[in-house]
Amino acid sequence: MNESTNGATARIVLVAAIASGQGKTTVTAALARALVRRGERVRVFKCGADFIDPMLLERASGAPVGSLDLWMVGLDQSRRELARAELEADVILIEGVMGLYDGTPSSADLARALGVPVVAVIDASAMAQTAGALVLGLRDYGPVELAGVIANRVAGSGHAAMVAASLRGTSLLASLPPQPAALPERHLGLVLPDEVGQLEAMLDRLAGDLVLDETAWAGLRPVSVTASIDTALDAPAPLLAGRTIAVARDAAFAFLYPANLATLRALGAKLVFFSPLANDAVPPTANAVYLPGGYPELHAAALSRAGRWVASIRAAHADGMPILAECGGMMALADTLTDQHGDTWPMAGLLQGRVTLQERLAGIGPQAMDTPQGALRGHTFHYSRFATSLAPSAHTVVHPSGARGEAIYRVGALTASYFHAYFASCPAATASLFN
C-alpha cells in the first residue's frame, strides 16, 4: 500500500549555527537526551556526510541516526526518511552541517526544501545583545523560517535574559552553560563514543544543564512531511541475492552509514561482521568483503601484528573475491602506513604504495563516482596521502565544480579509494562493486 503521512504530528527542527565550533552537536545531544528523559520519542538525523556525530547522537537519543541531504541522499529520499520517522516520533531533530548557509546545497537549502523550521545555536560566551543582530542575519539572509534560538556557553540567568531581550520577537528556546569537559576531538572530528569514558553520565549532565523554556518549546508548530513510505516501492532489484558480504566493523573500521548496510540487505545480501583489529580472519562464508573507513592510523601497530587478518585478506584477493576498500579500508591495504607520530607500520600489502598521515587536510567534500549503472554519490574527508605507482582506473567527480576528485584504484577484484560511497544513492552501482 502506498502510504503517506497526513496531518502535523511531530515537532521537527533543523539545528544550525553560523559556523562549525558553535556547539551544534553538543546542543543537539543535550536537547535529545533531555527530551528522552521526560518521555518524548525522539529521532535525530544528521545533515550531510558524517559518521561520528551520528554515533554520539544515537547514544543521546537511543535511536539510529540517519542522513538527510539534498544531493547525496536526495530530496525524495530525505522526505521519505522523515515521513517514516514521523510515524514513531514526537520530536525530530536534524543537526545541520558547518554554517547554516555553507555548502552547495546548504543546511538552509535542506530546511526550505523540507519545510522545516530552523533553530539557531549561538555561542554566547563573548556577547550579549549582539546576539540579536547575529540571529536576525541568520534568519533574513536566506531567508529561513527561524523557530527559535539556543544560546550555548551562557554564564547564567542574567546573561540569558540579555540574549533573550536582544532577539526582537524570536524565542530563546533554551540555554546551556559552559561545560567542565568538552566532548574530545581528534583530526577527523569527535572521538568515537565508545572511547569516551562516562559518556552516559556526560550526556545526562548536558541534559540536566539545559535550561529549556517549556512555553516556547510547546509553542513550536508541528510539522508534517508528506511522502510515500511504502517500502516495497523503494526496494531495489535483488542484485546481491545469495551473496554474503563480510563487513569489517571495529574501532579501526567504524565509518559506516546505516543506510549502506540497509542497502546491501535490500539488494539481497547477507551480512557477516568481523574485526581485523581483533585479528579475525575474513569469514569463510563470505563471497565479498567491505572495508569501510575509520581510524586505522590509531591502531596501526595492532593491525600490523594481526597475521590471521592479513593472511585471510590476501587469500581472498588472490581468489578473486570482490573487495571494496574505502578510505581507512584502503589505508589498511597499502604496503605501509606512517601514523601521526611518524612511526611506519607494515599493512596488508595488496596496494603497492605508502600511506602517510599529515597535519593538513588532504581532501574534503561531496563527490560522485560515475559507473555504467549511474552515479554513486558520497564524499571524501581525510588527512593522509597515498603515494603509489599504481595508475588510477578512474577518478571521482567533485560536486558541484565538476573537477577531478579522488583516484579509484582497481587491482584484480579489489576497488579502493579515499571516496566514501553512500550506497542508497545508486543501489545498482553498489551491487556491481560486490558481484
*Between rounded, prolate and oblate, where does the stretch 11-218 land on the alpha carbon gyration tensor, with a ≥ b ≥ c its root eigenvalues, rounded for a/c under 1.5, else prolate if a/b exceeds b/c?*
rounded
*How much net charge surrounds Leu350 when only the other residues with a Cβ under 12 Å from the Cβ of Leu350 are counted, with Lys and Arg +1 and Asp and Glu -1?*
+1
*In order through the stretch 275-291: 3J(HN,Hα) via Karplus (6.51 cos²θ - 1.76 cosθ + 1.60), integer Hz, x for Gly, Pro*: 10, x, 5, 8, 6, 6, 7, 4, x, x, 7, 6, 9, 7, 10, 10, 10
*Give me the Kirkwood hydrodynamic radius of the chain, using the inverse of the mean 1/r over all pairs of distinct Cα atoms, in Å to one decimal.*
22.7
*Shape call for the stretch 235-434 from the C-alpha gyration tensor, a ≥ b ≥ c root eigenvalues: rounded (a/c under 1.5), prolate (a/b greater than b/c) or oblate?*
oblate
*Work through the residues other than Asn152 whose Cβ is under 12 Å from its Cβ and net out their charges, Lys, Arg +1 and Asp, Glu -1.*
0
_Degrees, to the nearest 10: 75-86 long Cα axis against longest axis of the chain_ = 60
_For His382, His395, which order do you get if you count the other beta carbons within 10 Å of each Cβ and list the fewest first?_
His395, His382
*Enumerate the calculated ³J(HN,Hα) couplings along the stretch 384-394 in order (Karplus 6.51 cos²θ - 1.76 cosθ + 1.60, θ = phi - 60°), each rounded to whole Hz, writing x wherever the residue is Gly or Pro.*
10, 10, 10, 8, 8, 8, 5, 8, x, 7, 6
_Antiparallel bridge percentage (DSSP; both residues within the chain; nearest 5)_ = 45
*Taking Cα pairs under 8 Å and at least six residues apart, what relative contact order does the stretch 11-218 come out at, in percent?*
25
*With runs of 4+ DSSP H residues as the only contributors, calculate the mean residue ellipticity of the chain at 222 nm using -39,500 (n - 2.57) per run, divided by the residue total and rounded to the nearest 500.*
-8000 deg cm²/dmol
*On a 0 to 90° scale, report how tilted helix 52-61 is relative to the longest principal axis of the chain, with both axes built from alpha carbons and the result rounded to the nearest 10.*
50
*asked:* What does the net charge come to around Thr388 if you take all other residues with beta carbon closer than 14 Å to its beta carbon, with K and R at +1 and D and E at -1?
replied: +1
*Just subtract the alpha-carbon distance of Gln373 and Gln358 from 0.36 nm times their residue separation and send over the number in nm, one decimal.*
1.9 nm
*Neighbouring Cβ atoms within 10 Å as the yardstick, rank Trp345, Trp71 fewest first.*
Trp345, Trp71
*Order of Met347, Met127 under a 10 Å beta carbon neighbour criterion, fewest first*: Met127, Met347
*Among the DSSP beta bridges whose two residues both lie in the stretch 235-434, what percent are antiparallel, rounded to the nearest 5?*
60
*Taking the highest mean first, how do the peptides 355-368, 156-169 order by number of other beta carbon atoms within 10 angstrom per residue?*
355-368, 156-169
*Rounded to whole Hz, the Karplus (6.51, -1.76, 1.60) HN-Hα couplings of the stretch 414-421, x for glycine and proline*: 8, 10, 9, 6, 6, 6, 9, 8
*Sequence-distant residues sharing a close amide H with Leu351 (under 5 Å, placed H)*: Ala334, Asp335
_For Gly99, what residues show an amide H to amide H distance below 5 Å, using hydrogens built from the backbone and excluding near sequence neighbours?_
Ser20
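Where a number appears in this text, it was derived from the coordinates with a stated rule and is not lab data. As the structure is a computational prediction, the values presented were derived from the model and not from experiment. Heads up, the Cβs are rebuilt from the backbone with ideal geometry, glycines too, and the neighbour counts pull from every protein chain shown.
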